[in-house]
Amino acid sequence: MKWIEVTTTWKDNGDLKARITGIVESKQKPYKGMEIKEGYDLNFDYFRTRKQAEKFIRGT
């Protein structure tokens, strides 16, 4: 199955940016993850369809 990966970037000042960053091939839904990189909090969410991903992005 293909999953659309959406990365949400949080800056220290509260700015928020979400965008589609790739497609992941996995039988099960990938683990929703987080990492800190260069002062940014990165959250990863996965969706089955582009429509679901775009709805999530609009809601952020």
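The values are calculated or read from the model by the stated rules, or taken from the named source; none is laboratory data. All values derive from a computational prediction rather than experimental measurement. Note that each Cβ is placed from the backbone with ideal geometry, even for glycine, and that neighbours are counted across all protein chains shown. For the accessible areas, the whole protein counts, side chains as well, though only heavy atoms, and no ligand, DNA or RNA atoms are used. Shrake-Rupley method; radii C 1.70, N 1.55, O 1.52, S 1.80 Å.
Yes or no: the stretch 17-25 includes at least one residue that is in contact with a helix residue (DSSP H, G or I) (Cβ under 9 Å, 6 or more places away or on another chain), surrounded by fewer than 15 Cβ atoms within 10 Å (Cβ to Cβ) and assigned to a strand (DSSP E or B). Yes, there is a match, as at least one residue in the stretch 17-25 is in contact with a helix residue (DSSP H, G or I) (Cβ under 9 Å, 6 or more places away or on another chain), surrounded by fewer than 15 Cβ atoms within 10 Å (Cβ to Cβ) and assigned to a strand (DSSP E or B).
Residues in the stretch 9-30 that are more than 12 Å from Tyr46 (Cβ to Cβ) and either in contact with a Pro (Cβ under 7 Å, 6 or more places away or on another chain) or touching a residue at least 40 places away in the same chain (Cβ under 8 Å) (or both): Leu16, Ala18. Output yes when any residue across the stretch 46-54 is touching an Asp or Glu at 6+ places or on another chain (Cβ under 9 Å) and part of a strand (DSSP E or B), and no when none is. Yes: the stretch 46-54 contains one or more residues that are touching an Asp or Glu at 6+ places or on another chain (Cβ under 9 Å) and part of a strand (DSSP E or B).
Criterion first (modelled with pLDDT of 85 or more and out of contact with any Ser or Thr (no Cβ under 8 Å at 6 or more places or on another chain)) does Ala53 satisfy it? Before the answer, list the steps.
Details: modelled with pLDDT of 85 or more: yes; out of contact with any Ser or Thr (no Cβ under 8 Å at 6 or more places or on another chain): yes.
When the stated conditions are applied, Ala53 passes them.
The residue pairs whose first member lies in the stretch 38-60 and is β-branched (Val, Ile, Thr), whose second member is open to solvent by 60 Å² or more (accessible area, probe 1.4 Å), and whose beta carbons are closer than 8 Å, counting only pairs six or more residues apart or on different chains, are Ile57/Arg19; Thr60/Leu16.
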